[in-house]
Amino acid sequence: MSMQARAVRKYISSSPRKMRRVVNLVRGQSVAQALNALHFLPHAATRPVSLAIRSAVHNLIDQYRSERFDEEDLVVKEIKVDEGPMLKRLRPAARGRGQRIKKRMSHLTVIVQAKE
């Protein structure tokens, strides 16, 4: 059985479409490469993604206390963004109408695995 751990961050106030733009860049990379890439990206979604990856690494360390892990040996095996609930707001529009604004949220799931 391979050693892996996961971390889930819910209700991130960024739309899934913007999150996926960042997530697709780090999928399949080693944890060190992924965190380095996220550090230099200009997107706001990089902070929750890097926090989730770090959390998954710490979960792996907690699960297998007797093992020793190096960041180079850990891989972002699976990372996905699901749609969370939407906050529906109204914005004033012409002729006394109101236009609906959907403030989207995301749920982020990260699975980190140790190389064999």
Per the list (1) at pLDDT below 95; (2) not in a helix (DSSP H, G or I); (3) not hydrophobic (A, V, I, L, M, F, W, C), residue check on Ser14 breaks on (1)
Does the stretch 71-115 hold any residues that are open to solvent by 90 Å² or more (accessible area, probe 1.4 Å) and under 16 Å from Lys10 (Cα atoms), and which are they? Glu83, Lys103, Arg104
Per the list (1) part of a helix (DSSP H, G or I); (2) touching a Leu at 6+ places or on another chain (Cβ under 7 Å); (3) open to solvent by less than 20 Å² (accessible area, probe 1.4 Å); (4) not acidic (Asp, Glu), residue check on Ala37 breaks on (3)
Going by the conditions given, is Arg65 more than 11 Å from the chain's Cα centre (by Cα), without any contact (Cβ under 8 Å) to a residue 60 or more places away in the chain and not in a strand (DSSP E or B)? yes
Residues satisfying the stated conditions in the stretch 1-34, i.e. open to solvent by less than 30 Å² (accessible area, probe 1.4 Å) and closer than 30 Å to Lys88 by Cα: Ala7, Ile12, Ser14, Ser15, Pro16, Met19, Val22, Val23
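The values are calculated or read from the model by the stated rules, or taken from the named source; none is laboratory data. The structure presented is a predicted model; accordingly, all values stated were derived computationally and were not measured. For neighbour counting, all protein chains shown are included, and Cβ atoms are generated from backbone atoms with ideal geometry for every residue, glycine included. Remember, those area values only see protein heavy atoms, side chains included, never the ligands or the DNA or RNA. Shrake-Rupley method; radii C 1.70, N 1.55, O 1.52, S 1.80 Å.
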